[in-house]
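One structure is given below, encoded as structure tokens.
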Amino acid sequence: MRTMISLPAGKASLAAGALALAIPATAAALTAGAADALSTPTQTALQVSLDRQWMTYGQTLAVTGNASASNAGHRLLLEYAPRRGSWSVVGTGRVRSDGRFRLVAPLRQSGSVRVIAAPTSAAPNTRSAVSAEVVPAAGTPIPASTPRNVVVTAKLVSGTGPLDALAGQSTAVIGTLLPRHAGRVVTLELGTGHGWRPVARARTHANGHFVLRYTPSSTGQARVRLLFRGDAFNVKTWGRGRRLTAYRPSVASWYGDGAATACGFHATMGVANTSLPCGTKVTFRYGGHTVVATVDDRGPYVGGREWDLNQNTAGALGFNGVDTVWSSR
């Protein structure tokens, strides 16, 4: 059985009016809350630019960006993390009056970089593990930038001059690979008509030093270079090509070629030989000196001697009498 409740006409009118007033007030409150939510800015990562993402060992990286001008004077940290490593501070700077900033640091290994706001109590060399925004004492909160990858090549340090060796005997190529880590593989490559061929390999010591040993099989000249194929620390790099001359020991004498030569011409740096074609170039090494001579005469016809150096060739080598020289033919 339903019970009907009747209100006097006056009270019914008052209740209806109160309800009508309550609904708009609630709607206004919801609308204001939504407006407040929309007007609250969403904090996004600090936007930065790198002047380069592919670097050589020790090259300086510059990171620039903009923060709010209200953050002028606040200190920023440039952090670096190697692959699968933790963050460490490699550079610092401050926000300028216009909100701009620029941080620089030399990098030695591949990894990631980011910019964060320095805690007010942080010392310049403090290692930071901050991964979220840091709110300075005043000004707009400065969020951490999104990590950016940087690729760094290694650096091979070795001689750049020509290499001299005796055919059939081991010669050493010494150098250092930077940054210094033990166990990194360095290859010596020999230039061929079809590219480069590996002929020796060695691993670096803890100080980055390495010694490669190569035994040329025959006399002559070739191009060689050092190669590092890359690892978790750095990407591939190679050294400048060097000329390798492989010699053999042979006996020589010298003479003055003021008269006519068997080849019909006088080379400034000349040499006589019994069989090599006229005009053949031969490299000689003696007493630390190296000379390239041209075959322009026949001889010597004395047992056991292979070369007769003219006076200019002998003088450039510091050669006198009869002695053993290194020859490339």
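Within region 247-300, the residues that satisfy the criterion of being over 12 Å from ARG329 (Cβ atoms), under 41 Å from the mean Cα position of the chain (by Cα) and small (Gly, Ala, Ser) are GLY287, GLY288. Do we find that VAL322 is at negative phi and buried (at least 21 other Cβ atoms within 10 Å of the Cβ) in this structure? Criteria not met by VAL322. When region 87-104 is filtered for residues that are over 20 Å from HIS181 (Cβ atoms) and aliphatic (A, V, I, L, M), the ones remaining, listed by number, are VAL89, VAL95, LEU103, VAL104.
Note on region 86-117: residues that are in a loop (DSSP other than H, G, I, E, B) and within 19 Å of the chain's Cα centre (by Cα) amount to 4.
Of the residues making up region 158-189, those that are of a type in the set (D, E, K, R), buried (at least 16 other Cβ atoms within 10 Å of the Cβ) and free of Cβ contacts under 8 Å to residues at least 60 places away in the same chain are ARG184, GLU189. If the condition is being in contact with a strand residue (DSSP E or B) (Cβ under 7 Å, 6 or more places away or on another chain), in a loop (DSSP other than H, G, I, E, B) and within 24 Å of GLY161 (Cβ to Cβ), then region 281-326 contributes GLY318, PHE319.
Could you please let me know if ARG223 is in the same structural domain as LEU78 (by TED's automatic domain parsing) and in contact (Cβ under 8 Å) with a residue 24 or more places away in the chain? Against the criterion (in the same structural domain as LEU78 (by TED's automatic domain parsing) and in contact (Cβ under 8 Å) with a residue 24 or more places away in the chain), ARG223 does not qualify.
Could you please let me know if ARG213 is surrounded by fewer than 15 Cβ atoms within 10 Å (Cβ to Cβ), touching a residue at least 24 places away in the same chain (Cβ under 8 Å) and not in a loop (DSSP other than H, G, I, E, B)? Taking the combined requirement at face value, the residue satisfies it.
Across region 98-113, the number of residues qualifying as closer than 20 Å to PRO143 by Cβ and touching a residue at least 60 places away in the same chain (Cβ under 8 Å) comes to 1. Within region 274-307, the set of residues being surrounded by 12 or more Cβ atoms within 10 Å (Cβ to Cβ) and in contact with a Cys (Cβ under 9 Å, 6 or more places away or on another chain) comprises CYS278, THR294, VAL295, ASP296, ASP297, ARG298. In region 148-162, the qualifying residues are those that are small (Gly, Ala, Ser) and either touching a Pro at 6+ places or on another chain (Cβ under 8 Å) or assigned to a strand (DSSP E or B) (or both), and the one that is farthest from PHE228 (Cα to Cα) is SER158. So, in region 57-97, of the ones that are of a type in the set (Ser, Thr, Tyr), free of Cβ contacts under 8 Å to residues at least 60 places away in the same chain and out of contact with any strand residue (DSSP E or B) (no Cβ under 7 Å at 6 or more places or on another chain), which residue ends up surrounded by the fewest Cβ atoms within 10 Å (Cβ to Cβ)? Top of the filtered list is SER97.
Is it the case that VAL271 is buried (at least 18 other Cβ atoms within 10 Å of the Cβ) and modelled with pLDDT of 95 or more? Taking the combined requirement at face value, the residue satisfies it. Given the criteria closer than 21 Å to ALA167 by Cβ, touching a residue at least 40 places away in the same chain (Cβ under 8 Å) and surrounded by 15 or more Cβ atoms within 10 Å (Cβ to Cβ), does VAL251 qualify? Yes: the conditions hold for VAL251.
The values are calculated or read from the model by the stated rules, or taken from the named source; none is laboratory data. Every value quoted in this text rests on a predicted model; they were computed, and no experiment measured them. We place every Cβ from the backbone using ideal geometry, glycine too, and count neighbours over all the protein chains shown.
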